[in-house]
1. From the list Ile368, Ile391, pick out the single residue that is among the hydrophobic types (A, V, I, L, M, F, W, C), within 19 Å of Lys187 (Cβ to Cβ) and outside the structural domain of Trp192 (by TED's automatic domain parsing).
2. Testing Phe181 on (1) more than 15 Å from Gly205 (Cα to Cα); (2) in contact (Cβ under 8 Å) with a residue 40 or more places away in the chain; (3) surrounded by 24 or more Cβ atoms within 10 Å (Cβ to Cβ), one condition comes back false. Which one is that?
3. Can you list the strands (runs of 3 or more DSSP E) found entirely within region 5-53 that contain at least 2 residues being touching a Phe, Trp or Tyr at 6+ places or on another chain (Cβ under 9 Å), at pLDDT 95 or above and within 20 Å of Leu179 (Cβ to Cβ)?
4. Of the conditions (1) closer than 19 Å to Trp77 by Cβ; (2) buried (at least 18 other Cβ atoms within 10 Å of the Cβ), His108 clears all except one; give me its number.
5. If you take the residues of region 117-159 that are part of a strand (DSSP E or B) and of a type outside the set (A, V, I, L, M), which of them is farthest from the chain's Cα centre (by Cα)?
6. Among strands (runs of 3 or more DSSP E) lying entirely in region 316-422, which contain 1 or more residues that are of a type in the set (D, E, K, R) and closer than 20 Å to His280 by Cα?
7. Consider Ile150 against the criteria (1) modelled with pLDDT under 95; (2) buried (at least 18 other Cβ atoms within 10 Å of the Cβ); (3) out of contact with any Lys or Arg (no Cβ under 8 Å at 6 or more places or on another chain): it satisfies all of them except one. Which criterion is unmet?
8. Return the only residue of Gln381, Gln332 being in the same structural domain as Asp408 (by TED's automatic domain parsing), modelled with pLDDT under 95 and surrounded by 17 or more Cβ atoms within 10 Å (Cβ to Cβ).
Amino acid sequence: MRTLCQFLTFFLLSSFCFIAQAETTASIALSSGNEISYRSFPAKGKQLVLWFYSEAGPQTFDKQIATNLAQRGYETWLIDLFDSYFLPVSLSSMDKIPPADISEFIKHAAKQTGKQIFPVTTGRSAIALLRAKQHGQINKVAEDILPGMILISPKFYLQTPDPGTEATLMPIVSHSNSLLFVMQPAKSPWYWKLDQTIPALEQNGSDVFIQRIAGVRDRFYFRPDADSYEKKLSQKLPNYIVRAISALSTFPTRQRQPVKQIIPVKDKKSSRKDKKLSPHRGNPKPEALRLNTLSKKPLDLQQLKGKVILVNFWASWCPPCVHEMPSMQRLQDRFGNNDFVILGVNMAEDEQTIHQFLKTKVAVSFPILLDKDGNALKRWQVFAFPTSYVIDKKGKIRFSLFGSIEWDKAHPVSIIQQLINE
């Protein structure tokens, strides 16, 4: 893994005198018979940014990014694969786009412009680009003009797993040999999986730059609920992309041997789309949980044996977490503290932020535990916020859930009552 301090050249953007030309719409016909359309923001520089939309589809901010990059001399194309293939905007649609088509499109873009190509994308379409890169390597398509790719908040896992179970990486992640620049917001479940995803990418020879972006969530640059800091940082995203291009373009070139196994596409639906408290499918024995509370008192899960326990992993920047917390407090009030207790495990936020949140947003009386380094999150296999586990009096996990619910509704109340009565 390489940091931004290596091979990263900072330069004064004001020294560029490029003048962006008018936006145009065009398309490229492929040998498969398909045609991929794009919106071009021309510029006179030597690099071409190919901005592939994610599973979220086109966003209003995309044009702002493209315009900004073009003004700095980086020609930018906005590429809508959903529209080109008449597919609905969804995560599963990304698996239906032929890697050969993307690879050929990149080759045509390079030939047409004579420029160095830098694909950029976010979310699950990172998988589509990795597959296209692998296809291009095996078939020697567009290899020389594609120094590296920029992946923002990439989704490398097949799906969000059931709580407490192992997640499966998309096979192409560990079957890649590419030069990559990964930007990962820190307020994200995927931030805590970098120690798994980066080594997987490097397994077959990929070189990976990683930039951690503090203080923002995934999709920060187009979130409808973006806070003031996320909006401010959105304006700096073109800067990040320019610096990533600098890092990739100055990295020493080397021959990369492709992994010749073509990885089949897997399209498996998540088993917990209904957001319902369901029987736990992972290991019933909970991992250790020994943390300090917000009031600086140590708390050990083992000391609560004999009570029904709801362990809830949350963060103040997570809207579903915030939404469900009042109902959790009502659930605690309903059953009291003798037979039932809620433990709210906060994800690595500083104490001042948590105190301010509880003072101004949602007041709760149950203990808030501080997982300052994220180790509890990793041990408990948390892949989404919020994630909850319900533990019975004997200390076994009986029910679990990722996502938010109204905890004082009939179904969860009946489950808690059932466990108390056992």
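1. Within the list Ile368, Ile391, the selection yields Ile368.
2. It is condition (1) that Phe181 fails.
3. Here the list reads 47-52.
4. Result: His108 fails condition (2) only.
5. Phe118
6. In region 316-422, 397-402 are the strands (runs of 3 or more DSSP E) which contain 1 or more residues that are of a type in the set (D, E, K, R) and closer than 20 Å to His280 by Cα.
7. Of the numbered conditions (1) modelled with pLDDT under 95; (2) buried (at least 18 other Cβ atoms within 10 Å of the Cβ); (3) out of contact with any Lys or Arg (no Cβ under 8 Å at 6 or more places or on another chain), the odd one out for Ile150 is (1).
8. Gln381
The values are calculated or read from the model by the stated rules, or taken from the named source; none is laboratory data. Keep in mind that this is a model prediction, so the values were computed, not measured. Cβ sites come from the backbone with ideal geometry, for glycine too, and all protein chains shown count toward neighbours.
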